[in-house]
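The values are calculated or read from the model by the stated rules, or taken from the named source; none is laboratory data. Note that the structure is predicted; figures quoted are calculated from it, not measured. Positions of Cβ are backbone-derived with ideal geometry, glycine not excepted, and every protein chain shown enters the neighbour counts. The area values use the complete protein model at the heavy-atom level, side chains included, leaving out ligands, DNA and RNA. Shrake-Rupley method; radii C 1.70, N 1.55, O 1.52, S 1.80 Å.
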Amino acid sequence: MPRNDARRRELDSLLIQGGTLVCMDEARTVSRGDLLAADGRIVALGAGVPAALAELPGGRATRTYDANGALVLPGFVHAHLHLCQTLFRGFAEQSDLLNWLRDAIWPLEAAHTEVSLAASARLGACELIAGGVTCVNDMGTVHHTDALGSALEASGLRAVFGPALMDQGERVPARLLEGAPRALASALALADRWHGAASGRLRVSLAPRFILSCSERLWRDVTDASRERGLLVHTHLAEAPTEGGEVKAAVGSHAAPYFAKHGVLSPRFVGAHGVWLDEGEVALMKQADAALVHCPGSNLKLGSGLADVRRWRRAGVRCGLGSDGAACNNRLDTFAEMGLAAGLARAKHRDDPLPARDVVALATCDGAEALGLGAEIGSLETGKRADVAVVDISRAHHAPFADRDPYTTLVHAARADDVRLTMVDGRVLYANGRHATLDPERVVADATRESQALLMRMP
Ligand SMILES: [Zn+2]
């Protein structure tokens, strides 16, 4: 790096002034105050800011942002997503999981090219960034995962991503099936290229799709590789009511005992949905320190059922929150998921609901812990990565008690278009309605064109 660039980077700093800090640290600190970010990290908060500013050249930050009337919080961690499916939004409606996959989603995924996959990822990234999301855990499709990596890199999002691994299954298009050795080898080659890329912003996972599309050999190989390379295993389990019967017929038990038997459950395991996990299975997750991701919007739209995130948390299981892909939600909107998570938990446990504070935790610090990233992101704390969202609470739909409890305001009143600023590693990706890394008009035009071409190619 030329010396001038190095010096400029060294001096880059941003002061977010005048907001209410919702820190999501261990003490759940909420306080009026400023946040100072420099060189990609949070260097000071609240009372510590003046002293930290004094140490900067000229005694001030290179940039400032006015957060009056807003909450300043850690950017949302979106813990289960399929950016490859954003292009399918609105196409396959009114279906249940297995038919939806077999009739529409797998044939559509099989028709993806590098260009359509990149368009799909950019369309999703545009919505996510404008909604305050700073980190995603994405399951790709089987092919073109480098295009996904390039789109994520250019978007500025923090991401864990990996190709979907599938080596068997009923009505899976041939193009999506790969033998276990080949599937794993290409995922590991992808990890060589992308794991730790973009200054550590991008990480690669191993993403066997679900039990019905993966052989025992593939689960075994994935488990060994995850242990050797320290990669997350990102999969689906116990999602739909009809899935359990097919899983039992295929492997002789439900998903969690099967995973436990083959050593798949570990602190690197991230399983989405878990709607049909019974108490014993939740205990298996806890025993292995495996993580679960709650996807209430997708679970409702596909008629999968009502996952009991309250019970998971009480059992001590690490959990995050996700919307799943845009084809089964159809929003990629953390606020919508938080509202559903809170409402469903309330309906299930009327006298002992999930407090709004815990719901915000699912979408921030707990989600980061679920992805093994808790030391770096998920809360506003000195030394952590400067991944921040600023949410306006001065509009009519927040008044008049928006300040009284910021957690209930976030969960029950705020919405994605209240997000004023989204920042990752101290880099502003979105501010005051404008994207810095994406051109929304072009993104929508590309997505529209590519979705039409994709339908023509569908097998
Ligand atoms: Zn999914």
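General remarks:
- When restricted to residues that are part of a helix (DSSP H, G or I), touching a helix residue (DSSP H, G or I) at 6+ places or on another chain (Cβ under 8 Å) and of a type in the set (Gly, Ala, Ser), segment 188-217 contains 1.
- Members of segment 212-271 that are of a type in the set (Phe, Trp, Tyr) and under 18 Å from GLY169 (Cβ atoms): TRP219, TYR258, PHE259
- With respect to being at positive phi, open to solvent by less than 40 Å² (accessible area, probe 1.4 Å) and touching a Lys or Arg at 6+ places or on another chain (Cβ under 9 Å), GLY274 falls outside the description.
Here's the yes/no breakdown for (1) within 16 Å of the ligand (Cβ to nearest atom); (2) touching an Asp or Glu at 6+ places or on another chain (Cβ under 9 Å); (3) more than 26 Å from ALA240 (Cβ to Cβ); (4) among the aliphatic types (A, V, I, L, M):
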residue: GLN85; (1), (2), (3), (4): yes, yes, no, no
residue: SER95; (1), (2), (3), (4): yes, yes, no, no
residue: ARG102; (1), (2), (3), (4): yes, yes, no, no
residue: GLU114; (1), (2), (3), (4): no, yes, yes, no
residue: ALA119; (1), (2), (3), (4): no, yes, yes, yes
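- Hits in segment 288-301 (condition: surrounded by fewer than 20 Cβ atoms within 10 Å (Cβ to Cβ) and closer than 15 Å to ALA255 by Cβ): ALA288
- Test set (1) among the basic types (Lys, Arg); (2) more than 16 Å from the ligand (Cβ to nearest atom); (3) in contact (Cβ under 8 Å) with a residue 12 or more places away in the chain - ARG209 fails condition number: (2)
- Any hit, segment 1-12, residues being at pLDDT 95 or above and either in contact with a Ser or Thr (Cβ under 9 Å, 6 or more places away or on another chain) or within 16 Å of the ligand (Cβ to nearest atom) (or both): no
- Every condition in (1) out of contact with any Leu (no Cβ under 6 Å at 6 or more places or on another chain); (2) within 30 Å of ASP192 (Cβ to Cβ) is met by ASP308 except one, and the failing one is (2).
- Output for segment 218-229, where each listed residue is open to solvent by 40 Å² or more (accessible area, probe 1.4 Å) and either within 16 Å of ASP192 (Cα to Cα) or without any contact (Cβ under 8 Å) to a residue 12 or more places away in the chain (or both): ASP224, ARG227, GLU228, ARG229
- Which numbered condition ARG28 fails, given (1) of a type in the set (Lys, Arg); (2) farther than 27 Å from SER323 by Cα; (3) under 24 Å from the mean Cα position of the chain (by Cα): (2)
- Filtered by the rule that a residue be over 23 Å from LEU73 (Cα atoms) and charged (D, E, K, R), segment 311-348 gives ARG311, ARG314, ARG346, LYS348.
- Residue match in segment 111-133 (condition: of a type in the set (A, V, I, L, M, F, W, C), open to solvent by 10 Å² or more (accessible area, probe 1.4 Å) and under 25 Å from GLY303 (Cα atoms)): no
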